[in-house]
Amino acid sequence: MKYIMKLNPKYFEYMKNGTKEIEIRLNDDKRKNLKIGDEIIFQKEPELKEELYTTVENLFVEKSFEDAIMNLEIQQYADQKETRENFLKDLYKFYTKEQENKYGVIAIKVRKVQI
């Protein structure tokens, strides 16, 4: 299956330069259908003109954003210059605690592919 997801410019660049390999999202209805081997095209916001093509390598379902990042190195989901605290603050700019509690969280490990 092929999916398209929008990605914040900062995190798009981290993925583009190879410092980010895990995308963390709500485990909402769209993400519940993800499977290993699926393709995700990430589009850089706001213009959505630049794209990264990836393949899902692994999926980790967690109860919260904090649980999802607890056992990961920062550079797996952001950049080593970032902090866990700032990353969590960024997530809560996009999602509410109510959404997090309702859907849970999914950490999507991807590998960039050339097209």
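Taken over segment 58-115, the criterion of being among the polar types (S, T, N, Q) and part of a helix (DSSP H, G or I) is satisfied by Q75, Q76, N86, Q99, N101.
Touching a residue at least 24 places away in the same chain (Cβ under 8 Å), hydrophobic (A, V, I, L, M, F, W, C) and out of contact with any Cys (no Cβ under 8 Å at 6 or more places or on another chain): does that describe L48? Against the criterion (touching a residue at least 24 places away in the same chain (Cβ under 8 Å), hydrophobic (A, V, I, L, M, F, W, C) and out of contact with any Cys (no Cβ under 8 Å at 6 or more places or on another chain)), L48 qualifies.
Of all residues in segment 103-112, one or more are on the phi > 0 side of the Ramachandran plot, touching a residue at least 24 places away in the same chain (Cβ under 8 Å) and open to solvent by less than 90 Å² (accessible area, probe 1.4 Å).
Considering only residues in segment 58-102 that are under 22 Å from K30 (Cβ atoms) and among the β-branched types (V, I, T), the one that is least open to solvent (accessible area, probe 1.4 Å) turns out to be I69. Every condition in (1) open to solvent by less than 70 Å² (accessible area, probe 1.4 Å); (2) assigned to a helix (DSSP H, G or I) is met by R25 except one, and the failing one is (2).
The values are calculated or read from the model by the stated rules, or taken from the named source; none is laboratory data. All figures in this text were calculated on a predicted structure; none of them were measured in a lab. When we count neighbours, we look across all protein chains shown, and the Cβ atoms used for this are built from the backbone with ideal geometry, even at glycine. For accessibility, only protein heavy atoms count, side chains too; no ligands or nucleic acids. Shrake-Rupley method; radii C 1.70, N 1.55, O 1.52, S 1.80 Å.
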